[in-house]
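To start, the structure itself, in structure tokens.
The values are calculated or read from the model by the stated rules, or taken from the named source; none is laboratory data. These numbers were taken from a predicted model, which means no experiment stands behind them. Every residue, glycine as well, gets a Cβ built from its backbone with ideal geometry; the counts of neighbours run over all protein chains shown.
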């Protein structure tokens, strides 16, 4: 089997043939054979760092080595008390560093559990649940809402399937998946017919044939890259080593000079050697390692209080030397919670305040607060957003969370800000029929029962919704939708999209009581308005960027999200000023030297892969910068 093919560009039959598999899945015997051949579906780490290794690492400092030599020389010269004191100081410094790094190492191991424990597969044509570690290339995996994807695979069926790939690519919104063929050499974020290990299904269902497991997955490739990166010494370690060498050279020089002068003046050679060694030992600052270790440990404790975990003590000092911060966007610079910012109804734009999934905010028209219940079109739009929706909003321990798609979650929160709670609306207007969202139709329709009749609600891509409408709901009245009004609505939708908002159109149609969903429902609908949403910046980030600027630290954004969205967020945060924005595709066309020459001028990187991130950081370090990479995804 050729395991390094561009699976996204192959027909489903070609993929199955290449993997010697079928839609019935593998036989139990073949699966076992492949498990023996390819190994477990797990990330293989380099040899785990033992407690002894962490302890011995503390003695690699040149200054510590000099102190140990001083201990030995003091003992030889009979200065037992000095030898014991110096040795205790060395042990104290090493022990303090060991305790901190050992705790951090154990904590990091606890954070690495990201693999799905069980997964549903087809074996011999029957659905069975197996441990995810036993998956092999060619297995047929069944995916549903809420599943964490256990390995990389090519979709052979996708029914309204959407996945959250933010942890891998930085994409802020769920990715609509398809089982069709995609042409060309495209990036991970654009391979919509593939699913990837470590990501999650947020909507719909699908079936995929596994194409890569373990270290061969995109997740595994990131782990491999990180393991291959050479560990560089921190500025403090370099400085202390240099200091240790100079002290060592100075002490030896002093020893030889004094011994030479003493012999020249007639003293015994042995007596002068002892005097020289004693002075050399006295010249060594035995308390310096302890002072440095204590200072770093105090810094670590301050960071722990701010919920930051530091694996290596010297890394604390490195943070103080940072000149460049490369930050992921989704979930780091932004909330990772889609939020409605603008609504277009009655030919006017309504601004919505509030951030994230907290159902608190107000509606502004022309700079003044308005009451949604007094605006029929706005009230209708809020109803549609909450009812034509499969996502729910709940409060867990005082924190508001959504269950389902982030885009739909933003609509539920929007309605809740106006006091329209979804569970009350569902009870008042029960759903009797529906047409789920699909990547082909680009819309969703639900039919709800009212005391008078049934009513169909629809939401989706603005051009699709507008195309199904013959009427417009404006100022509480239905009127025929004119060509001029269509052009205006599309123009507003384009303007909202240009501001990096994800835009949806909403519409409705009244139906007879007995009417379900048919092709007639999708025609002659009444257009209500547009909703624009975005994953907003974190409130504290703008000030953090300003403080970094004042400290001489440059901040840049590196994200897998679209360039338009990245640029809009960067401008709002003050990240994009005089610099430029580049995409991963543009970086691919640059040599390492070309990237190095431009790296200091680029302030936004969009649609980048983990490999791109590594190239960017390496380019900046070659320019002499100390670079900090921050993010909440496995690609950071």
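Screening residue 203 with (1) assigned to a strand (DSSP E or B); (2) modelled with pLDDT of 90 or more; (3) crowded, with 21+ Cβ neighbours inside 10 Å gives one miss only, at (2). Please tell me if residue 271 is surrounded by fewer than 19 Cβ atoms within 10 Å (Cβ to Cβ) and modelled with pLDDT under 75. Taking the combined requirement at face value, the residue satisfies it.
Taken residue by residue, the stretch 394-403 has at least one member that is part of a loop (DSSP other than H, G, I, E, B) and surrounded by fewer than 19 Cβ atoms within 10 Å (Cβ to Cβ).
Can you find even one residue in the stretch 478-497 that is under 22 Å from residue 390 (Cα atoms) and either assigned by TED's automatic domain parsing to the domain that holds residue 403 or loosely packed, with under 14 Cβ neighbours inside 10 Å (or both)? So far as the stretch 478-497 goes, no, none of its residues is under 22 Å from residue 390 (Cα atoms) and either assigned by TED's automatic domain parsing to the domain that holds residue 403 or loosely packed, with under 14 Cβ neighbours inside 10 Å (or both).
Per the listing 574, 584, 560, the residue uniquely in contact with a helix residue (DSSP H, G or I) (Cβ under 7 Å, 6 or more places away or on another chain) and more than 30 Å from residue 217 (Cα to Cα) is 574. Among the residues of the stretch 371-390, not a single one is in a loop (DSSP other than H, G, I, E, B), touching a helix residue (DSSP H, G or I) at 6+ places or on another chain (Cβ under 9 Å), modelled with pLDDT under 95 and under 30 Å from residue 554 (Cβ atoms). Consider the stretch 324-346 and keep the residues that are part of a loop (DSSP other than H, G, I, E, B) and touching a strand residue (DSSP E or B) at 6+ places or on another chain (Cβ under 7 Å). The one that is modelled with the lowest pLDDT is 328.
For the stretch 96-133, the tally of residues that are modelled with pLDDT of 80 or more and more than 27 Å from residue 43 (Cα to Cα) stands at 3. Scanning the stretch 195-213 for residues that are touching a helix residue (DSSP H, G or I) at 6+ places or on another chain (Cβ under 6 Å) and within 18 Å of residue 561 (Cβ to Cβ) yields a total of 3. If I filter the stretch 180-190 for residues that are touching a helix residue (DSSP H, G or I) at 6+ places or on another chain (Cβ under 8 Å), surrounded by fewer than 22 Cβ atoms within 10 Å (Cβ to Cβ) and modelled with pLDDT of 90 or more, do I get at least one hit? Looking through the stretch 180-190, at least one residue is touching a helix residue (DSSP H, G or I) at 6+ places or on another chain (Cβ under 8 Å), surrounded by fewer than 22 Cβ atoms within 10 Å (Cβ to Cβ) and modelled with pLDDT of 90 or more.
For the stretch 545-558, a residue qualifies if it is over 29 Å from residue 586 (Cα atoms) and touching a strand residue (DSSP E or B) at 6+ places or on another chain (Cβ under 9 Å), but none of them does. Does the stretch 509-521 contain at least one residue that is modelled with pLDDT of 95 or more and assigned to a helix (DSSP H, G or I)? No - not one qualifying residue is present in the stretch 509-521.
At pLDDT 90 or above and outside the structural domain of residue 494 (by TED's automatic domain parsing): is that true of residue 577 in this structure? Considered against the rule, which asks whether it is at pLDDT 90 or above and outside the structural domain of residue 494 (by TED's automatic domain parsing), residue 577 comes out as no.
The set of residues in the stretch 575-584 being more than 11 Å from residue 333 (Cβ to Cβ) and surrounded by 16 or more Cβ atoms within 10 Å (Cβ to Cβ) consists of 576, 579, 581, 582, 583, 584. Please verify whether residue 317 is surrounded by 17 or more Cβ atoms within 10 Å (Cβ to Cβ), under 30 Å from residue 544 (Cβ atoms) and either in contact with a helix residue (DSSP H, G or I) (Cβ under 6 Å, 6 or more places away or on another chain) or modelled with pLDDT under 90 (or both), treating the condition exactly as stated. For residue 317, the condition - surrounded by 17 or more Cβ atoms within 10 Å (Cβ to Cβ), under 30 Å from residue 544 (Cβ atoms) and either in contact with a helix residue (DSSP H, G or I) (Cβ under 6 Å, 6 or more places away or on another chain) or modelled with pLDDT under 90 (or both) - is met.
For the stretch 513-522, indicate whether the set of residues that are crowded, with 22+ Cβ neighbours inside 10 Å and either in contact (Cβ under 8 Å) with a residue 60 or more places away in the chain or in contact with a helix residue (DSSP H, G or I) (Cβ under 9 Å, 6 or more places away or on another chain) (or both) is non-empty. Among the residues of the stretch 513-522, not one is crowded, with 22+ Cβ neighbours inside 10 Å and either in contact (Cβ under 8 Å) with a residue 60 or more places away in the chain or in contact with a helix residue (DSSP H, G or I) (Cβ under 9 Å, 6 or more places away or on another chain) (or both), which makes the answer no.
Checking residue 221 against (1) crowded, with 16+ Cβ neighbours inside 10 Å; (2) over 24 Å from the mean Cα position of the chain (by Cα); (3) modelled with pLDDT of 65 or more, which test does it fail? Single failed check for residue 221: (2).
Screening residue 500 with (1) at positive phi; (2) surrounded by fewer than 15 Cβ atoms within 10 Å (Cβ to Cβ) gives one miss only, at (2). For residues in the stretch 149-168 being farther than 18 Å from residue 439 by Cβ and in contact with a helix residue (DSSP H, G or I) (Cβ under 7 Å, 6 or more places away or on another chain), which is surrounded by the fewest Cβ atoms within 10 Å (Cβ to Cβ)? Per the stated criteria, the residue is 168. Being assigned to a helix (DSSP H, G or I), at negative phi and either in contact with a strand residue (DSSP E or B) (Cβ under 7 Å, 6 or more places away or on another chain) or crowded, with 19+ Cβ neighbours inside 10 Å (or both), is that true of even one residue in the stretch 624-635? For the stretch 624-635, residues assigned to a helix (DSSP H, G or I), at negative phi and either in contact with a strand residue (DSSP E or B) (Cβ under 7 Å, 6 or more places away or on another chain) or crowded, with 19+ Cβ neighbours inside 10 Å (or both): absent.
Does the stretch 470-479 contain at least one residue that is outside any strand (DSSP E or B) and either over 30 Å from residue 320 (Cα atoms) or in contact (Cβ under 8 Å) with a residue 60 or more places away in the chain (or both)? Scanning the stretch 470-479 turns up at least one residue that is outside any strand (DSSP E or B) and either over 30 Å from residue 320 (Cα atoms) or in contact (Cβ under 8 Å) with a residue 60 or more places away in the chain (or both). If the condition is being buried (at least 23 other Cβ atoms within 10 Å of the Cβ) and either in the same structural domain as residue 501 (by TED's automatic domain parsing) or within 30 Å of residue 458 (Cβ to Cβ) (or both), then the stretch 533-568 contributes 533, 534, 535, 561, 565.
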